1. Report relative contact order for the chain in percent, whole number only (criteria: Cα-Cα under 8 Å, sequence separation at least 6).
2. Per the helix-only calculation at 222 nm, which mean residue ellipticity applies to the chain, given -39500 (n - 2.57) for every DSSP H run of n ≥ 4 and division by its residues, nearest 500 deg cm²/dmol?
3. Considering the Cα positions of the chain, please state its Rg to one decimal place and its Dmax as a whole number of Å.
4. What does the charge add up to near Gly619, with Lys and Arg as +1, Asp and Glu as -1, over the other residues with Cβ less than 10 Å from its Cβ?
5. At a threshold of 8 angstrom on Cα-Cα distance, excluding pairs fewer than six apart, so keeping six or more, what relative contact order does region 675-719 reach in percent?
6. Report, in debye and to the nearest 20, how large the dipole of region 147-257 comes out about its Cα centre when Lys and Arg carry +1 and Asp and Glu carry -1 on their Cβ.
7. List, in the order given, every pair from Lys403/Lys523; Lys105/Lys256; Lys10/Lys645; Lys611/Lys704; Lys89/Lys323 whose Cα-Cα distance in the structure shown is over 25 Å.
8. For the chain, take the longest principal axis of its alpha carbons; what is the angle in degrees between that and the long axis of helix 332-342, to the nearest 10 within 0 to 90?
Amino acid sequence: MRFGHFDDEKREYVIETPKTPYPWINYLGSESFFGLVSNTAGGYCFYRDARYRRLTRYRYNNVPVDEGGRYFYIKDGDDTWTPSWRPMKKELERYECRHGMGYTKISSARGGVGVETLMFVPVGHNCEVHQVTVTNEGQAAKTVKLFSFVEFCLWNALDDMTNFQQNFNTGEVEIEGSTIYHVTEYRERRDHYAFYHVNAPLAGFDTDRHSFLGLYNGFGEAQVPLSGEPRNSRASGWHPIASHCLDVALAPGESKTFVFVLGYVENPREEKFSAPGVANKTRAKALIDAFSTPAQVEEALGKLRATWDALLGKLTIKSGDEKLDRMVNIWNQYQCMVTFNMSRSASYFESGIGRGMGFRDSNQDLLGFVHMVPERARERIIDIASTQFEDGSAYHQYQPLTKRGNNDIGSGFNDDPLWLILGVGAYIRETGDIGILDEQVPFDNDPNNTATLLEHLKRSFDHVPNNLGPNGLPLIGRADWNDCLNLNCFSETPDESFQTTGNKVGRTAESTFIAGLFLLAGKEYVALLEKLGRNGEAEQASGLLTKMAAVMEDKGWDGEWFLRAYDFFGEPIGSNRCEEGKIFIEPQGMCVMGGIGVESGKAKLALDSVKKHLDSKYGIVLLQPAYTTYHVKLGEISSYPPGYKENAGIFCHNNPWVVIAETELGRADRAWEYYTKIAPAYLEDISDVHRMEPYVYAQMIAGKDAVNHGEAKNSWLTGTAAYNYVAVTQHILGIRAELDGLRVKPCLPKHIGEVSVKRVLRGVTFDITIKNRGTGSHKLTADGQPVDGVVVPYPATGKTVRVVCEC
Ligand code: BGC
Ligand code: NOJ
């Protein structure tokens, strides 16, 4: 069942009912000011950090779901309703929500009144603009009252939900004209405040939540809009809100447009006050002036659109498959940008309080956004590498505000260092900026202890051979990509973190996944060394890769697939000899990506085993059989009920590894089948089962052992976005930036005949035509001349290269 449709022309998903199976959200903002908004106007906004600078309050895990947002109420005679359906849930005669690139528009009508609300964060400004147009669609003149409503969060989102003895006393506002200022704690150490403004004179206002709602009422029973009488309340302690009341008189057919601005201002300390105790409003007024007319809003929206045109213009395709086109051209890239902005901080599943930036996550995200914002990718790389330790290991997370490693989580996830090589490699292949390797980068953020970025990569690489276990395979440490395979944890105590507890100390537990990743990242490292002319080092590194591949084919092989690990006691995991967890997905995908077993035929056997044991109707599950009981020697993976998360869920992040592996073997149809099983646009028709947004990936879909097989969770902030983008663009479409040229090596299913691709990088536009005839081989021409192999060299001069690939 569908709940909307794609409007590809406008790059929007159009939701046709407010009653989606879960709140379907969008993100506003791409620089410093961000908002999350659902299709019923729920959500919140923040400046830079969702924990420490949260502007508006939101209730996670509440009943009903999605409580708190930017709400407007219409009082039309005896009828009071909310145009976003929630919170009043009055029947609407018309409803539509359009989530676009950085904006959301909700339109609805009731009783002859139409309301359209457009919400976005303008480029270069720290605010949300809410433009509300009210139309009299009836035959008679009428006057309605329009109420706005936001509830302020007292800045620190965690404190806001826990420290009530203090924060029920601190709330403060100032009211000036049509602007309500939220100045809680401005009197002391905060140099920032928020405001909510409307470009029209007020019939009244409210700033105290109890006065607006009534103490025992929810947002849907707010007494001020129900009565139509604003109370001009002034918040003092308790819960500051901002609500404007406007009288809107409309002739038949007439529309009136109001511009609301929800803004954030920081003042230099010496300019904090305009008079004792009065906040200096100069900067707020400048922001208000920038958006005081619909024409200004229109212009800002145009700028936002142009920004997205540029971001999404680096790789576009026309394939004849509209779902593929919309994933590649629009939504997969959009989600990659959101993961760049948010990391794993704020979604409807990540509360914006808990997690920093992951070392592994951030490097992987980079693979999906480097082509859109290469300069920002460069900065991100330096930030990440600066947290690395001298021995090559890494803090698992770092804090976005301080950019320092997070001591609470610490280090010891032994795959982490390798992802840095992949991130840096992707950046250099995209930009040609090999000079980044000469940058001096600190260890553990110590400016007195630095080395070149190349040296950081060397330490990342060497960290693997320096930490081998009894079988010659990489030691797993706390965990590898699978944060839940905790082989040294042995936790018997609830409340202990599986990720940071190590109740047994040993150097036995080994990971075949890291071995595969070592091959994949190692090849990238060797290519960089060769490019730098460091042939001796390249050869040495290559030797270690060859050795690791040989160890894998011997000790890492179970007969029909790659083993997953050796545990603390040296027993195999992911082996036919195990009772549960006989086969895991990760090493099958990653080892083949690293090239292990391709020649010996083990790669093919491993992938055939994936098909046989792990494939399901809704995607490839992580392992089989699922763990049915808690295994203390395995950790968190066995804590989940069968079919969920790492315990045999369909982890959408590792499915593309198998897709890529299948393309390595040239098996286009199978790669395609796996790709389309989890790509959201292809799941639109089963939105009732899948439940998450059909325009973005979710981290997990419940596996075949789960009660709710096919139901997804944790949409938006997941490495799934980047890796699926890599899989579809670089391996299915086969367009991949290499150090010396653009590789064009598609592996497309039979039904896709001809694809045109535009790829812009390094100042060059590649106009590519793929003629897919299923030959399995690739014949390329560039500007009419035959190309030797599948890499079209970057032109020395010239801005456009026309490439034809027959395959
Ligand atoms: C989740 C993992 C996640 C980890 C992060 C676990 O509870 O299952 O998916 O990577 O937490 O700390
Ligand atoms: C989510 C984490 O963000 C990611 O780093 C990890 O690899 C997966 N979960 C699998 O555990």
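The values are calculated or read from the model by the stated rules, or taken from the named source; none is laboratory data. Every value quoted in this text rests on a predicted model; they were computed, and no experiment measured them. Here Cβ is always computed from backbone atoms with ideal geometry, including for glycine, and neighbour counts include all displayed protein chains. All accessible areas refer to the heavy atoms of the entire protein, side chains included, with ligands and DNA or RNA removed. Shrake-Rupley method; radii C 1.70, N 1.55, O 1.52, S 1.80 Å.
1. Relative contact order of the chain: 9 percent.
2. Details: 20 runs with 202 residues, N = 807.
Estimated from H runs of four or more residues: -7500 deg cm²/dmol.
3. So, for the chain, Rg and Dmax equal 27.7, 85 Å respectively.
4. Its environment carries a net charge of +2.
5. It rounds to 32 percent for region 675-719.
6. Using Cβ point charges on Lys, Arg, Asp and Glu, region 147-257 gives about 40 debye.
7. Lys403/Lys523; Lys10/Lys645; Lys89/Lys323
8. 70
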